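Working notes, structure below.
The values are calculated or read from the model by the stated rules, or taken from the named source; none is laboratory data. A quick note: this is a predicted structure, and the numbers were derived from the prediction, not measured. All Cβ positions, even for glycine, are placed from backbone atoms using ideal geometry, and neighbour counts span all protein chains on display. Surface accessibility is based on the protein's heavy atoms, side chains included, excluding ligands, DNA and RNA. Shrake-Rupley method; radii C 1.70, N 1.55, O 1.52, S 1.80 Å.
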Amino acid sequence: MSRSDAMQILNAGIKSTMPANFVSKFVKKNCLICANRTYKISDYDHIWLVAMGKAADTMAKSVHSIINSAGGLVIIPKNHVTQFHNKKFQTIKAGHPTPNKNSVHAAKKIISFLQNTGKSDLVIFLVSGGSSALVCAPFGIGLSQKIAITKTLLASGASISEINAIRKHLSAIKGGRLLESLQCPAISYVMSDVVGDDLGSIGSGITYCDKSTFSECLGIISKYKLAQKIPRIALKMLQNGVAGKIPETPKRPKIPNQIIATNSDCLGIMAKKAKSLGYCTKIYSGVSGDVRLAVKRILQKTNLKKNNCLIFGGETTVRLAGNGKGGRNQELVLHMISNLKQNAIVASVGTDGIDGNTKHAGAMFDRKISKHITKPYLQNNDSSLFFKKFGGLITTGPTHSNLLDVGLVLL
């Protein structure tokens, strides 16, 4: 095993997430393929792109390079330097992981844009992870309250599906409500950043629909004991929904949605690279839930013989108990190395280049370490400080993509 091999495998995975690698499968020069249907480009007066998420600019760039669309909107995180420069498009930089005023502005711009399309036009939505925060239209509550709820949910240990269920029921556009402004046909291409690839959870189902209910939202609030931590008006909104005083979110999709890339695609590329380097390779996908339990499951899948490589992917959750900066990937690696019985290279990174509230993508460590050293860092959710002190931080910067987290155990 070597750190060089590990980085080659990780880099292969990260590079594989770029939209240019898979857009051409669905977008052709003369037609578009979505949900097993073919749309002839010549049938429409104009084709517009509405892209939102961490991969919005790279998705728009890839699609526009093939079909030369009429223009559109691109919504990306505020700290991203856009990878797409074209006068036909307006780029809006908004808040992530919590929404800001520009997130509200982005929602208004999209609604106005959709309302002004012609009946003979076609809108292509390009949706990727991060859309939930980047495009925000609070329903029944104010922006400051929406921000407070988002921060509370992110720190609670709730899964992204649970977080998005509540987001959808406190939004005027999520869960498919955005499509109420649509004046022409549309299709949606989606990059999955959720375990299980549920279209209703990716970007809070903004171009799809919603299977969750107000009642389930109250269940999530109860599960994580958040009733006293979120604004009272938000809790009242959810209770009113259960009582039937507020309409439920749309339960049927209005337009075709096509998932064009998943975490499994990424893991496959990593496994191929590991095999080319001579490792006996196994894939473990769908890693989710509390990071401590996820680590136990990963260790059970790990073959501790030499020249073995376990490739894993998904997204864990961390319930914040301390005041450290954390980072779910860094915390996962720290739990792993303190529980391994022998030396191994362990790594985990976010394919978006962001790990929690840190400036790093994740971490890599190449030896086991005693629990008495790691314990205080884990108790304080300060894995980032551990790796800063002992080495191992991986920093990529924003990748302009997002297919969940990927990692490996290399022996």
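Would you mind stating whether T98 is under 25 Å from V349 (Cβ atoms), assigned to a loop (DSSP other than H, G, I, E, B), in contact with an Asp or Glu (Cβ under 6 Å, 6 or more places away or on another chain) and open to solvent by less than 40 Å² (accessible area, probe 1.4 Å)?
No; evaluated as a whole, the condition is false for this residue.
Collect the residues in region 233-249 that are of a type in the set (G, A, S) and open to solvent by 20 Å² or more (accessible area, probe 1.4 Å), keeping them in residue-number order.
Matches in region 233-249: A243, G244.
If I ask for residues that are in a loop (DSSP other than H, G, I, E, B), open to solvent by 20 Å² or more (accessible area, probe 1.4 Å) and farther than 26 Å from F125 by Cβ, which ones from region 250-301 would you list?
Answer for region 250-301, where residues must be in a loop (DSSP other than H, G, I, E, B), open to solvent by 20 Å² or more (accessible area, probe 1.4 Å) and farther than 26 Å from F125 by Cβ: L277, G278.
Does region 101-113 hold any residues that are surrounded by fewer than 22 Cβ atoms within 10 Å (Cβ to Cβ) and either under 20 Å from G353 (Cβ atoms) or not basic (K, R) (or both), and which are they?
Answer for region 101-113, where residues must be surrounded by fewer than 22 Cβ atoms within 10 Å (Cβ to Cβ) and either under 20 Å from G353 (Cβ atoms) or not basic (K, R) (or both): N102, V104, H105, I111, S112, F113.
Among the residues of region 22-42, count how many are open to solvent by 50 Å² or more (accessible area, probe 1.4 Å) and in contact (Cβ under 8 Å) with a residue 60 or more places away in the chain.
3
Can you tell me which residue among I76, I9 is in contact with a Cys (Cβ under 8 Å, 6 or more places away or on another chain), under 30 Å from I394 (Cα atoms) and either buried (at least 21 other Cβ atoms within 10 Å of the Cβ) or not hydrophobic (A, V, I, L, M, F, W, C) (or both)?
I9
Quick one: is S65 over 28 Å from I233 (Cα atoms) and open to solvent by 30 Å² or more (accessible area, probe 1.4 Å)?
When the stated conditions are applied, S65 passes them.
Mind checking which residues of region 65-79 are within 23 Å of the chain's Cα centre (by Cα) and under 21 Å from A261 (Cα atoms)?
Correct list: V74, I75, I76, P77.
Answer yes or no: is there a residue in region 257-265 that is under 21 Å from A158 (Cβ atoms) and either in contact (Cβ under 8 Å) with a residue 24 or more places away in the chain or under 23 Å from the mean Cα position of the chain (by Cα) (or both).
So far as region 257-265 goes, yes, one or more of its residues are under 21 Å from A158 (Cβ atoms) and either in contact (Cβ under 8 Å) with a residue 24 or more places away in the chain or under 23 Å from the mean Cα position of the chain (by Cα) (or both).
Tell me which residues, restricted to region 151-186, are under 17 Å from L126 (Cα atoms) and assigned to a loop (DSSP other than H, G, I, E, B).
Those that are under 17 Å from L126 (Cα atoms) and assigned to a loop (DSSP other than H, G, I, E, B): I173, K174, G175, G176, L182, C184, P185.
List the number of the failed condition for V406; all other conditions in (1) among the aliphatic types (A, V, I, L, M); (2) in a strand (DSSP E or B); (3) within 24 Å of K151 (Cα to Cα) hold.
(3)
When only residues in region 363-396 that are assigned to a loop (DSSP other than H, G, I, E, B) and open to solvent by less than 20 Å² (accessible area, probe 1.4 Å) count, which is modelled with the highest pLDDT?
Only one residue fits best here, namely G392.
Within the set of pairs 6 or more residues apart or between chains, which connect a residue that is closer than 8 Å to K325 by Cβ inside region 376-387 to a residue that is modelled with pLDDT under 95 with Cβ atoms less than 6 Å apart?
Pairs that qualify, where the first residue is closer than 8 Å to K325 by Cβ and the partner is modelled with pLDDT under 95, are N381/L320; N381/G322; N381/G324; N381/G326; D382/G324; S384/K325; S384/G327; S384/T358.
Has region 348-356 got any residue that is at pLDDT below 90 and open to solvent by 10 Å² or more (accessible area, probe 1.4 Å)?
yes
If only one of A158, A227 is small (G, A, S) and open to solvent by 20 Å² or more (accessible area, probe 1.4 Å), which one is it?
Among A158, A227, only A227 is small (G, A, S) and open to solvent by 20 Å² or more (accessible area, probe 1.4 Å).
Can you list residue pairs whose Cβ atoms sit under 9 Å apart, with the first residue in region 221-235 being more than 11 Å from L153 (Cβ to Cβ) and the second being assigned to a helix (DSSP H, G or I) and acidic (D, E)? Count only pairs 6 or more apart in sequence or on different chains.
Matching pairs, first to second residue: K223/E162.
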